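**Q** Below: one structure in structure tokens.
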Amino acid sequence: MRIVFKKSYDRDIDLHEHGWSRAKIAVLAGIMIVLPFLVGDYYLAEATNTLIWALAGMGLMVAVGHTGQVSLGHAAFLAIGAYADSALMNAGLPFLLSFPIAGLITGIFGAIIAIPAVRMSGIYLAIATLAVFVIVEEMVIMLEPITGGVGGIMAPSIQIFGISFDRYGALQNFYWLILGVVALVAWGYANLMRSPTGRSFLAVRDSEVSARALGINVTRTKSLAFGLSTGVTGLAGALMGHYIGFYNYELFSIFISINLLLVVTIGGLGFIQGAFLGAILITAVPQAIAIARDGLNANFGIDLGSVPGLDTMIFAVILILFIIFEPTGLYGRWLKIRVWFEIFPLARRDMFRRQKSYLKTERMK
């Protein structure tokens, strides 16, 4: 077990608990930077897609994991970010301006929607966000001069200081661009959660009644969290549009929202690391299914290609298994394994047994 000896109060608010934590982040960052030289274009494209999903997962994690707001309509904010970025670039703005403005537009739209929506909770809030998704889908079809309507729109190529960051023409540059954006957002997210604003998010998530008793404006806090959540999701949507290249409203379907919920739920609710683990799972499972399907067909003559909805069924089974056996997700399981090794041989079998505890103020009558 590692013992951290703190010599100043600054260590209590340090982003990294000790030097080994910094070293691990540095090594991981180094591996991600040199990844284009280690793998081929196919796997590099998959890594790029995983980073985009991780960015979208961090956006949803702000609302679901750290504020307790369930959303089934975050695909709508992916669409807003994608269409806003492409529209601004087609209007003549460079990517360095259109990209943050697209996130800002999405965040403002989400904050406006959140003002009435956050007064609801649970299934009612989920239904409200689903209604927003339907409205945005119809708006995309009606705003045909901007969005291309049903036909779709082509995402412009990214040029920064004369350097191409096109997904198909310069995949390595595009990967490094997305890696930089994800690293910057993750750094800002981690620091946000150590600030008074981030702690107010957690207070609202754990107990709204107790948060009000501490003087926290619950409605304003929820609106701010939802706006930040949608803003980050809008950035992911803009990058997703450039990654796909050509897209229409069908790309941002309800299944995208469900997959985003899978990312944060399976990865680990309430952990930034969970967004990355969930994104790895959500992008790796379809590839594993495709490899297994081809192997079964080639070696045993079993053709699973005709089975409809196989991917969705497998994801549903995975989600059910995590809800039953490991509700804290992949990162929660890793924390338990780490603690078990740290305190070995003093670990006992039932020390991670699930417990239900309720505040008296939160009990349903």
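**Q** Tell me yes or no: at least one residue of the stretch 295-303 is within 30 Å of R205 (Cβ to Cβ) and open to solvent by 40 Å² or more (accessible area, probe 1.4 Å).
**A** no
**Q** When you check F325 against the structure, is it at pLDDT 75 or above, surrounded by fewer than 10 Cβ atoms within 10 Å (Cβ to Cβ) and more than 29 Å from L55 (Cβ to Cβ), yes or no?
**A** No; evaluated as a whole, the condition is false for this residue.
**Q** Right, something else. Would the stretch 77-89 turn up any residue that is within 14 Å of the chain's Cα centre (by Cα), touching a residue at least 40 places away in the same chain (Cβ under 8 Å), assigned to a helix (DSSP H, G or I) and under 30 Å from A225 (Cα atoms)?
**A** yes
**Q** Which residue out of T147, T129 is of a type in the set (S, T, Y), touching a residue at least 24 places away in the same chain (Cβ under 8 Å), surrounded by 15 or more Cβ atoms within 10 Å (Cβ to Cβ) and out of contact with any helix residue (DSSP H, G or I) (no Cβ under 6 Å at 6 or more places or on another chain)?
**A** Of T147, T129, the one residue that is of a type in the set (S, T, Y), touching a residue at least 24 places away in the same chain (Cβ under 8 Å), surrounded by 15 or more Cβ atoms within 10 Å (Cβ to Cβ) and out of contact with any helix residue (DSSP H, G or I) (no Cβ under 6 Å at 6 or more places or on another chain) is T129.
**Q** Which of (1) surrounded by 14 or more Cβ atoms within 10 Å (Cβ to Cβ); (2) out of contact with any strand residue (DSSP E or B) (no Cβ under 7 Å at 6 or more places or on another chain) does A29 not meet, given it meets every other one?
**A** Of the numbered conditions (1) surrounded by 14 or more Cβ atoms within 10 Å (Cβ to Cβ); (2) out of contact with any strand residue (DSSP E or B) (no Cβ under 7 Å at 6 or more places or on another chain), the odd one out for A29 is (1).
**Q** Is it fair to say F352 is part of a helix (DSSP H, G or I) and either surrounded by 10 or more Cβ atoms within 10 Å (Cβ to Cβ) or at pLDDT below 80 (or both)?
**A** Spelling it out, it is not the case that F352 is part of a helix (DSSP H, G or I) and either surrounded by 10 or more Cβ atoms within 10 Å (Cβ to Cβ) or at pLDDT below 80 (or both).
**Q** Would you pick out the residues in the stretch 150-200 that are part of a loop (DSSP other than H, G, I, E, B), surrounded by fewer than 17 Cβ atoms within 10 Å (Cβ to Cβ) and among the basic types (K, R)?
**A** Hit for the stretch 150-200 is R194, nothing else.
**Q** Taking the stretch 201-226 as the search range and keeping residues that are open to solvent by 50 Å² or more (accessible area, probe 1.4 Å) and not in a helix (DSSP H, G or I), which one is nearest to I115 (Cα to Cα)?
**A** N217
**Q** Also, quick follow-up: Give all pairs with beta carbons closer than 7 Å in which a residue from the stretch 3-20 that is within 21 Å of E342 (Cα to Cα) meets a residue that is modelled with pLDDT of 75 or more; count only pairs at least 6 apart in sequence or on separate chains.
**A** Once the first residue is within 21 Å of E342 (Cα to Cα) and sits in the stretch 3-20, its partners that are modelled with pLDDT of 75 or more give H16/R22.
**Q** Quick one: how many residues across the stretch 91-146 are of a type in the set (V, I, T) and in contact with a strand residue (DSSP E or B) (Cβ under 9 Å, 6 or more places away or on another chain)?
**A** The qualifying residues number 1.
**Q** Go through the stretch 50-79 and give me each residue that's open to solvent by 30 Å² or more (accessible area, probe 1.4 Å) and farther than 24 Å from N191 by Cα.
**A** Selection gives L72 alone.
**Q** Taking the stated definitions as given, is S210 in contact with a helix residue (DSSP H, G or I) (Cβ under 9 Å, 6 or more places away or on another chain), closer than 20 Å to V132 by Cα and in contact (Cβ under 8 Å) with a residue 24 or more places away in the chain?
**A** Taking the combined requirement at face value, the residue does not satisfy it.
**Q** Exactly one condition in (1) farther than 26 Å from L224 by Cβ; (2) in a helix (DSSP H, G or I) is false for L93; which is it?
**A** Condition (2) is where L93 drops out.
**Q** I would also like to ask the following. Does P94 satisfy being under 19 Å from the mean Cα position of the chain (by Cα) and either of a type in the set (S, T, Y) or modelled with pLDDT of 90 or more (or both)?
**A** no
**Q** Continuing with the same structure: Look at the stretch 234-271 and say how many of its residues are part of a loop (DSSP other than H, G, I, E, B), of a type in the set (G, A, S) and in contact with a helix residue (DSSP H, G or I) (Cβ under 9 Å, 6 or more places away or on another chain).
**A** Adding up the residues that qualify gives 3.
Conditions (1) open to solvent by 50 Å² or more (accessible area, probe 1.4 Å); (2) touching a strand residue (DSSP E or B) at 6+ places or on another chain (Cβ under 7 Å), marked per residue:
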{"position": "V232", "(1), (2)": "no, no"}
{"position": "L239", "(1), (2)": "no, no"}
{"position": "H242", "(1), (2)": "no, no"}
{"position": "F246", "(1), (2)": "yes, yes"}
{"position": "I256", "(1), (2)": "no, no"}
{"position": "L262", "(1), (2)": "no, no"}
{"position": "I291", "(1), (2)": "yes, no"}
{"position": "I320", "(1), (2)": "yes, no"}
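The values are calculated or read from the model by the stated rules, or taken from the named source; none is laboratory data. Note that the structure is a prediction, hence the values are computed from the model and not measured. All Cβ positions, even for glycine, are placed from backbone atoms using ideal geometry, and neighbour counts span all protein chains on display. Each accessible area value is taken on the protein alone, full model and side chains, heavy atoms only, with ligands, DNA and RNA left out. Shrake-Rupley method; radii C 1.70, N 1.55, O 1.52, S 1.80 Å.
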